[in-house]
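The structure appears below as structure tokens.
The values are calculated or read from the model by the stated rules, or taken from the named source; none is laboratory data. Worth saying up front: this structure is predicted, and the values here are computed from it rather than measured. Cβ: placed from backbone, ideal geometry, glycine included. Neighbour counts: every protein chain shown.
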Amino acid sequence: MNFFELAWNILPALLKGTVVTLEITGVSISIGFILGILLALGRVYGNKFIYLLTTTYVEIIRGTPLLTQLFLLYFGLPSIGVMLSPLLAAVIGMGLNSGAYQAEYFRGAIQAVKSGQMIAARSVGMSKFKAVRYIILPQMLRIVIPSWSNELIYLVKYSSLAYMIQAPELMAEGRLIASRNFRTFEVFLVVAFIYLVIVLILSKVLDILEKQIRIPGLEMQAV
Amino acid sequence: MSGIVLKAENIHKSYGGLSVLRGISFEVKRGETKVIIGPSGTGKSTLLRCINQLSPPDKGRVWLDGVEITDPKVDINKVRSSIGMVFQDFNLFAHLPVLDNVRIGLTKVKGMEKKEATDLAMEELQRVGLRDKASSYPAELSGGQQQRVSIARALAMNPKLILFDEPTSALDPELIGEVLNVMINLAKEGMTMLVVSHEMGFARSVANEIIFMEHGVIVEEGPPQQLFSNPKHKRTGEFLHKITELYGESEK
């Protein structure tokens, strides 16, 4: 069997893993997105207590390896009676982790919104909440896209760590196939190729999105 | 309702030990245009922000239409929606087209229906001569146009009073006129305005009264003719002389 025949044969199984990879990435980037916005708002607008709480969270998550965090969730929690499925542990772990990184991107972007925007919103009579909701966040989300794109792409690749906690994603499928046919090099070449394709497609999509929602005067202030 | 729209009493404000306002008291009557002048760093902008509580004063009280708005029980967001504010650097909402800049306060603060808000916003844009720019983004407009939009944004809320914080200071000289003309028309239509400005021509011809401030206190207050031709304080005369030399007496 030459390389292309092999690749063709193992593709269905790898695509099954790819779907799981995309699920893990999709769910954890979403968890991280919501968490990241809340953390960023806490760090920028929160009182001393909330600032301290959110900052501590971000520092702890960023200061420890993702793999360690996943092991704590999957292998550690059962010792206190909490059993998580591999997939659940993976999306929770990666979501909580991504939230901390996204928070930093969002925080930078919020701070890049000109201070006069908040003042003008308040002077029209908006509450702080409305000002954030209608004025600050829409601008922040546009400013953040270029740097946020990196986080999504990292996450696609870091999702391979979920293999270490038995989640049946792309790497796990590759490992399984290689352990049966012993053509490790070729199998992981195909795996690498699939990751590459996903990343290239996502980059392109984000690029288009960025252009679609571009507004004159806002694109200049990339973080 | 009395004829006094705004009353400020004994306003004090300091930042980190630096005393910026040291007991400011004045009144603005309905339909009156009052211009605050004075050297930079004197606390003029701070005073405006103390009035609409963007930076609440450390001490002193402010009344709007007889209601004390420095009272902590007052809903300050509601109060601010009835005090327009126009900034030196416009501060238009950068992600919104001109129409939405004018409309957003109506829909999101006043809870007005979109259709009604659109009509009203277009009327105000007409008033500042920018109806045809409704779908442009702020960055696509000149400074003068942006400032006129920001005036329309303030007007749309049907304010009891508009605060102007050096509205022409960030503009190229050839764009100052279009903004001043809008303000002159507002004054004629009876809008109550409190204006921090270095435009002596505007102050002289439009202001009912001029307040000269320095070092956080009001040095002198009176009608333009009195301050320009017969100031009570030597310092007032010096400042007016210097500023007129610098900025000229243009604008009607």
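Kindly indicate the residue of region A:119-134 that is aliphatic (A, V, I, L, M) and at the interface with chain B (Cβ under 9 Å from one of its Cβ atoms) and also farthest from A:Ile31 (Cα to Cα) among those meeting that condition.
First, pick out the residues of region A:119-134 that are aliphatic (A, V, I, L, M): A:119-121, A:124, A:126, A:131-132.
Among the residues that remain, those that are also at the interface with chain B (Cβ under 9 Å from one of its Cβ atoms) are: A:119-121, A:124, A:126.
Working: A:Ile119: 31, A:Ala120: 32, A:Ala121: 29, A:Val124: 33, A:Met126: 28 Å.
The residue in question is A:Val124.
When both residues are 6+ apart or on different chains and their Cβ atoms are under 7 Å apart, which pairs have a first residue that lies in region B:8-21 and is without any contact (Cβ under 8 Å) to a residue 60 or more places away in the chain, and a second that is aromatic (Phe, Trp, Tyr)?
B:Ala8/B:Phe26
Against the condition in contact with a helix residue (DSSP H, G or I) (Cβ under 8 Å, 6 or more places away or on another chain), within 20 Å of B:Val217 (Cα to Cα), among the small types (Gly, Ala, Ser) and away from chain A (no Cβ under 14 Å), how does B:Gly38 come out, does it pass?
yes
What's the number of the only condition in (1) farther than 22 Å from B:Leu227 by Cα; (2) buried (at least 16 other Cβ atoms within 10 Å of the Cβ); (3) among the basic types (Lys, Arg) that B:Lys59 fails to meet?
Condition not satisfied by B:Lys59: (2).
In region B:80-96, is there at least one residue being assigned to a helix (DSSP H, G or I) and surrounded by 18 or more Cβ atoms within 10 Å (Cβ to Cβ)?
The answer is yes, given that some residue of region B:80-96 is assigned to a helix (DSSP H, G or I) and surrounded by 18 or more Cβ atoms within 10 Å (Cβ to Cβ).
Of the conditions (1) within 30 Å of B:Leu18 (Cα to Cα); (2) touching a Gly at 6+ places or on another chain (Cβ under 8 Å), B:Ile243 satisfies every one except a single condition; which number is it?
Result: B:Ile243 fails condition (2) only.
Can you name the helices (runs of 4 or more DSSP H) wholly within region B:168-252 that have at least 3 residues being surrounded by fewer than 17 Cβ atoms within 10 Å (Cβ to Cβ)?
Once the helices (runs of 4 or more DSSP H) in region B:168-252 are filtered for at least 3 residues that are surrounded by fewer than 17 Cβ atoms within 10 Å (Cβ to Cβ), what remains is B:173-188, B:224-229, B:234-247.
Just give me the residues in region B:121-139 being within 14 Å of chain A (Cβ to nearest Cβ) and assigned to a helix (DSSP H, G or I), in sequence order.
The first filter runs over region B:121-139 and keeps only residues within 14 Å of chain A (Cβ to nearest Cβ), leaving B:121, B:124, B:133, B:135-139.
Across region B:121-139, the qualifying residues are B:Ala121, B:Glu124, B:Lys133, B:Pro138, B:Ala139.
Please find, among B:Thr107, B:Thr118, the residue that is within 14 Å of chain A (Cβ to nearest Cβ), among the hydroxyl-bearing types (Ser, Thr, Tyr) and assigned to a helix (DSSP H, G or I).
Selected residue: B:Thr107, the only one of B:Thr107, B:Thr118 that is within 14 Å of chain A (Cβ to nearest Cβ), among the hydroxyl-bearing types (Ser, Thr, Tyr) and assigned to a helix (DSSP H, G or I).
Restricting attention to region A:135-158, which residues are closer than 18 Å to B:Phe90 by Cα and either facing another protein chain (nearest Cβ under 9 Å) or not aliphatic (A, V, I, L, M) (or both)? Step through it out loud before you land on a result.
Step one: list which residues in region A:135-158 are closer than 18 Å to B:Phe90 by Cα, which gives A:135-136, A:139.
Passing the criteria: A:Ile135, A:Gln139.
Go through region B:109-127 residue by residue and tally those that are buried (at least 21 other Cβ atoms within 10 Å of the Cβ) and either touching a Ser or Thr at 6+ places or on another chain (Cβ under 9 Å) or without any contact (Cβ under 8 Å) to a residue 12 or more places away in the chain (or both).
1
Tell me the residue from A:Lys204, A:Lys157 that is assigned to a helix (DSSP H, G or I), without any contact (Cβ under 8 Å) to a residue 40 or more places away in the chain and among the basic types (Lys, Arg), please.
The unique qualifying residue is A:Lys204.
Which of the residues belonging to region A:25-67 are within 11 Å of the chain's Cα centre (by Cα) and farther than 20 Å from A:Ile110 by Cα?
The answer is A:Thr25, A:Gly26, A:Val27, A:Ser28.
When B:Asn101 is evaluated against the numbered criteria (1) in a helix (DSSP H, G or I); (2) more than 21 Å from B:Leu194 (Cα to Cα); (3) of a type outside the set (Gly, Ala, Ser); (4) away from every other protein chain (no Cβ under 11 Å), which criterion, by number, is the only one it fails?
Just one mismatch for B:Asn101, condition (4).
Please find, within region B:32-49, the residue that is surrounded by the fewest Cβ atoms within 10 Å (Cβ to Cβ) out of those that are at pLDDT below 95 and assigned to a loop (DSSP other than H, G, I, E, B).
B:Ser40
Kindly establish whether B:Leu92 is within 11 Å of chain A (Cβ to nearest Cβ), closer than 23 Å to B:Ile176 by Cα, under 14 Å from the mean Cα position of the chain (by Cα) and modelled with pLDDT of 95 or more.
no
Filter region B:58-79 for residues that are within 14 Å of chain A (Cβ to nearest Cβ) and closer than 21 Å to B:His12 by Cβ and give the result.
Taking region B:58-79 as the starting set, the residues that turn out to be within 14 Å of chain A (Cβ to nearest Cβ) are B:64, B:69, B:74-79.
Residues satisfying the conditions are B:Leu64, B:Ile69, B:Val74, B:Ile76, B:Val79.
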